[in-house]
Amino acid sequence: MSSRPDPQSRPRLAPGCRLNEKSQPQRVLLMPERALRLNGPSLEIIERCDGNHTVRQIITELQKLYSKAEPQKVEEDILGYLARLNEQRAVDFE
Amino acid sequence: MSGTTPRTICTQLGMNTAIPNPLALVAELTHRCPLHCVYCSNPLELTKRERELPAEAWARVLREAAELGVLQVDFTGGEPLARPDLTEIVRAARAAGLYVSLITSGLPLDEKRLNELIAAGLDHFQLSFQGAQEESAALASGTRTHAQKLCVARWVKQRRIGLTLNFVIHRQNLGELEDMVRLAEEVSPGRVEFAHVQYYGWAFENRARLLPSREQLNRSLEIIKQAEERLRGRIRVEYVVPDYYAKYPKACMGGWGCKVLLVKPDGDVLPCHAANVLPGMKFENVQAKPLRTIWYESDAFEKYRGEEWMPELCRSCDRRSQDFGGCRCQAFLLTHDAAATDPVCTKSPQRSLVDSILADVNSAASAAHLAPISPSDWLYRPNPR
């Protein structure tokens, strides 16, 4: 099972993982032998996996951005998404 | 949305009006290689150096691929590092907006050249290993290059790009699988692949000495399962079973002309790397036609796209949208009919062809005969003349 990310850790895209150019119509996370299509919230999360934002900060910022959604649900979704990205070796926690 | 869209009607009718754009380009830059692996996936007829596309032609092909919707390019060969202009080609790929992988043996390379490749935009370095130690690797590759590969792995690991270790596994080196896992753990790449040899090209010629026994295969599955669990969150472990032992065929290339296109060293464009074994195929060349025209309109890409070509067995099968009838090259190599159901499928009327090959390699007599072996037992892949 994937473990829950520590709220104080700073997620960063793993070596070999990057976003495609902003000018592209469909934003994707490019990684070895695969690409992940990103929609609104997933792109917002990935853009903050820069080694500067803590998990806690990402949660707070997205709760503001999606203020109509249940804050608890936003938090759960982000933690689950980051854990999956870590398991796929797309994100490291620093 | 409810109801039937035009696209699903087309699919139901086996029509093919909605051709998806390709997502990945496999670019075989050269067939020259410092290694001589007995299971090389290159064709038996290798492209000569003087017929290789120059860097400017590759730059144009890479731009055309990106415009078609391709996201990623895999530079392979042969050995892509055998091209002195590789850095220039990598730079062109990145400038076109592509994600750039190098599929390589790691030779010839030093740290200076690695730095240049990374500065040019290399995203991901996939390094092949032929065993867990020099002796077994030398038996498969016909060269002593294992120590150099370990060195290259450390160099790449010290820099911030993706690293995959790719172990090619087969009858002769499966006994070292646990050592390979340990080696991967020491290097700690983001990703490790343990890929059983598949039987095309040179591997088809050397099959009897490469195909593992069922006992070996089962043991390897246990080792990989344990490794996956132990390494979760640290190293992504991927495992590829030999088709012959599978119940259903693989979705070869994600479907013929669906996701991937391959450009050979001379610019011929193929739907898969082995497609030139198929009879009656005519491949277009990037020097003569735009990639877009080749992808959407050429006979080679149309030939096995969609479902029209399928035998009734596949056309009426629920798995047809998962495995697309399997691999055309495998079907041809085993049944001599490129449009047959892939005979590894348990539903295929010709599955007995595969079963008899498996019965042979699993018999006690063959176990004694096939291992251990010496270099003179193999057909090594030479360099193109």
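The values are calculated or read from the model by the stated rules, or taken from the named source; none is laboratory data. Note that the structure is predicted; figures quoted are calculated from it, not measured. Every residue, glycine among them, receives a Cβ derived from its backbone with ideal geometry; neighbour counts consider all protein chains shown.
Just to be sure I understand the filter: pairs with C-beta atoms under 8 Å, separated by 6 or more residues or on different chains, first member in the stretch B:232-247 and more than 12 Å from chain A (Cβ to nearest Cβ), second member among the β-branched types (Val, Ile, Thr) and surrounded by 21 or more Cβ atoms within 10 Å (Cβ to Cβ). Which pairs pass?
B:PRO242/B:VAL197; B:ASP243/B:VAL344; B:TYR244/B:VAL344; B:TYR244/B:VAL354; B:ALA246/B:VAL344
What are the pairs with Cβ atoms under 6 angstrom where one residue, in the stretch B:49-78, is within 14 Å of chain A (Cβ to nearest Cβ) and the other, located anywhere, is small (Gly, Ala, Ser) and part of a strand (DSSP E or B)? Sequence gap at least six, or different chains.
Hits for this filter: B:LEU71/A:ALA35; B:GLN72/B:ALA24; B:VAL73/B:ALA27; B:ASP74/B:SER101; B:PHE75/B:ALA27.
Considering the stretch A:16-28 alone, what residues qualify as being surrounded by 16 or more Cβ atoms within 10 Å (Cβ to Cβ) and more than 10 Å from every other protein chain (Cβ to nearest Cβ)?
Across the stretch A:16-28, the qualifying residues are A:LEU19, A:ARG27.
Can you run down the residue pairs with Cβ atoms below 7 Å, 6 or more apart or on separate chains, where the first is in the stretch B:109-126 and surrounded by fewer than 17 Cβ atoms within 10 Å (Cβ to Cβ) and the partner is of a type in the set (Val, Ile, Thr) and part of a helix (DSSP H, G or I)?
B:GLU116/B:THR87
Name the single residue, out of those in the stretch A:1-15 being facing chain B (nearest Cβ under 8 Å) and among the polar types (S, T, N, Q), that is surrounded by the fewest Cβ atoms within 10 Å (Cβ to Cβ).
Quick first cut of the stretch A:1-15, residues facing chain B (nearest Cβ under 8 Å) only: A:2-3, A:14-15.
The next check asks that each one be among the polar types (S, T, N, Q); those that pass are A:2-3.
Numbers: A:SER2: 15, A:SER3: 11.
The extreme case among them is A:SER3.
Residue under question is B:GLU222, and the condition is that it be within 30 Å of B:SER366 (Cα to Cα), crowded, with 16+ Cβ neighbours inside 10 Å, more than 14 Å from chain A (Cβ to nearest Cβ) and of a type in the set (D, E, K, R); does it hold?
For B:GLU222, the condition - within 30 Å of B:SER366 (Cα to Cα), crowded, with 16+ Cβ neighbours inside 10 Å, more than 14 Å from chain A (Cβ to nearest Cβ) and of a type in the set (D, E, K, R) - is not met.
Quick check on the stretch A:34-47. Is at least one of its residues assigned to a loop (DSSP other than H, G, I, E, B), modelled with pLDDT under 95 and within 28 Å of B:GLN158 (Cβ to Cβ)?
Among the residues of the stretch A:34-47, not one is assigned to a loop (DSSP other than H, G, I, E, B), modelled with pLDDT under 95 and within 28 Å of B:GLN158 (Cβ to Cβ), which makes the answer no.
Just to be sure before I move on: is A:ARG56 in a helix (DSSP H, G or I), of a type outside the set (Ser, Thr, Tyr) and within 11 Å of the chain's Cα centre (by Cα) in the structure I sent?
In short, no.
Taking the stretch B:57-82, which residues are more than 20 Å from the chain's Cα centre (by Cα) and outside any helix (DSSP H, G or I)?
Correct list: B:GLY69 only.
Is there a residue in the stretch A:6-26 that is over 27 Å from B:GLN72 (Cβ atoms), assigned to a loop (DSSP other than H, G, I, E, B) and touching a strand residue (DSSP E or B) at 6+ places or on another chain (Cβ under 6 Å)?
yes
Can you pull out every residue in the stretch A:70-94 that is away from chain B (no Cβ under 14 Å) and either in a strand (DSSP E or B) or in contact with a helix residue (DSSP H, G or I) (Cβ under 8 Å, 6 or more places away or on another chain) (or both)? Working first, answer last.
So the first thing to find is which residues in the stretch A:70-94 are away from chain B (no Cβ under 14 Å), and the list is A:70-81.
Within the stretch A:70-94, A:PRO71, A:VAL74, A:GLU75, A:ASP77, A:ILE78, A:LEU79, A:TYR81 qualify.
Is one or more of the residues making up the stretch B:312-335 surrounded by 22 or more Cβ atoms within 10 Å (Cβ to Cβ), closer than 30 Å to B:GLU185 by Cα and over 17 Å from the mean Cα position of the chain (by Cα)?
Among the residues of the stretch B:312-335, not one is surrounded by 22 or more Cβ atoms within 10 Å (Cβ to Cβ), closer than 30 Å to B:GLU185 by Cα and over 17 Å from the mean Cα position of the chain (by Cα), which makes the answer no.
Would you check which residues across the stretch A:29-44 are away from every other protein chain (no Cβ under 14 Å) and among the acidic types (Asp, Glu) and list them?
The one that is away from every other protein chain (no Cβ under 14 Å) and among the acidic types (Asp, Glu): A:GLU44.
Right, B:ILE118: of a type in the set (Val, Ile, Thr) and closer than 28 Å to B:LEU183 by Cα or not?
So B:ILE118 passes the test.
Name every residue in the stretch B:287-316 that is touching a Gly at 6+ places or on another chain (Cβ under 6 Å) and under 30 Å from B:CYS345 (Cα atoms), in order of residue number.
Across the stretch B:287-316, the qualifying residues are B:PHE301, B:ARG305, B:GLU307, B:GLU308, B:MET310, B:CYS314.
List every residue pair whose Cβ atoms sit under 7 Å apart, with the two residues 6 or more apart in sequence or on different chains, where the first one lies in the stretch B:147-163 and is crowded, with 16+ Cβ neighbours inside 10 Å and the second, anywhere, is of a type in the set (Phe, Trp, Tyr) and modelled with pLDDT of 95 or more.
Sorted first by the residue in the stretch B:147-163, then by its partner, the pairs are B:LYS149/B:PHE129; B:VAL156/B:PHE125; B:ILE161/B:PHE125; B:GLY162/B:PHE125; B:LEU163/B:PHE125.
Out of the residues in the stretch B:140-173 that are in contact with a His (Cβ under 9 Å, 6 or more places away or on another chain) and within 14 Å of chain A (Cβ to nearest Cβ), state the one that is farthest from B:PRO189 (Cα to Cα).
Of all residues in the stretch B:140-173, those in contact with a His (Cβ under 9 Å, 6 or more places away or on another chain) come to B:140-143, B:161-164, B:168-170.
Now restrict to residues that are within 14 Å of chain A (Cβ to nearest Cβ): B:161-164.
Values: B:ILE161: 10, B:GLY162: 8, B:LEU163: 5, B:THR164: 6 Å.
So, considering only residues that are in contact with a His (Cβ under 9 Å, 6 or more places away or on another chain) and within 14 Å of chain A (Cβ to nearest Cβ), the one farthest from B:PRO189 (Cα to Cα) is B:ILE161.
Kindly provide the set of residues from the stretch B:284-297 that are in a loop (DSSP other than H, G, I, E, B) and surrounded by fewer than 18 Cβ atoms within 10 Å (Cβ to Cβ), ordered by number.
Residues satisfying the conditions are B:GLN287, B:ALA288, B:LYS289, B:PRO290.
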